[in-house]
Amino acid sequence: QETNRDRRGLWRGGYIHFTNIHQEVQEMTLRLSSKLSNSMMDTASLKASLPAFVIDIYGGTIPGTPKFANNVPGSTKLARISLTGTGSALSWETSSTEGQLEKNASEVWYGLCALAGTATWFRICTVADDASDDDTAKAKYRVDGTVGTSGADMNLASTTFALNDPIVISAFSLTLPR
């Protein structure tokens with residue numbers, strides 16, 4: 001019985017069918033820049049592509065894609081998370097487990113809130129990322145995701161930031177779908 005086919009004969013619904021295997025499709029809100037996606041598909045892992053990075057936390061509208069600069073109208077950088085708040089790069093654990101890349105447990109991921117606001121999205125990028133558009137001449141390694149108190153890509157105790165609030169990320173992992 002072909003109840004999952006539309007009038008054109010194409011599969012529809014929330015499942016992918018592979019010879020008696022059904023896997024529910026999950027919407028992934030993390031977005032990778034083209035440079036990072038291509039690197040992961042061609043030669044390198046996510047960890048190798050982004051071995052040293054910072055996390056910028058923003059309020060306002062998330063860009064449609066990590067290709068776009070983070071100076072989107074209505075979007076403001078609230079804080080930068082770095083190694084002990086010094087601006088130095090963060091790193092991952094030595095190896096991933098079960099599709100998860102974890103925060104380096106020996107590091108303190110810290111930042112001070114530069115502006116008051118409500119956190120809505122984050123960007124993982126290199127320290128040298130100048131926040132410009134990701135055109136072919138300046139391709140960037142970036143990961144964008146949502147911020148919330150539950151059900152987001154990055155869950156915080158509170159998304160309300162006050163000026164000079166300390167922000168400590170004690171646990172963080174990126175998970176790729178399996």
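Tabulated data for the structure shown
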| read-out | value |
| --- | --- |
| Amide proton proximity set for Ile81, modelled H, under 5 Å, gap of 5+ | Ile55, Asp56, Ile57 |
| Net lengthening on full extension, Ser34/Val127 (0.36 nm per residue, minus Cα-Cα) | 31.6 nm |
| Cut-off 20 Å (backbone N to label point 7 Å along Cα→Cβ of Ala171), residues of region 86-127 | 91-111 |
| Distance (nanometres) between label positions extended 7 Å along Cα→Cβ at Asn164 and Ser88 | 2.5 |
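Every number here is computed from the coordinates shown, using simple stated rules; none is lab data. Quantities reported herein were computed from a predicted structural model and do not represent experimental measurements. All Cβ positions, glycine included, derive from the backbone under ideal geometry; neighbour counts span all protein chains shown.
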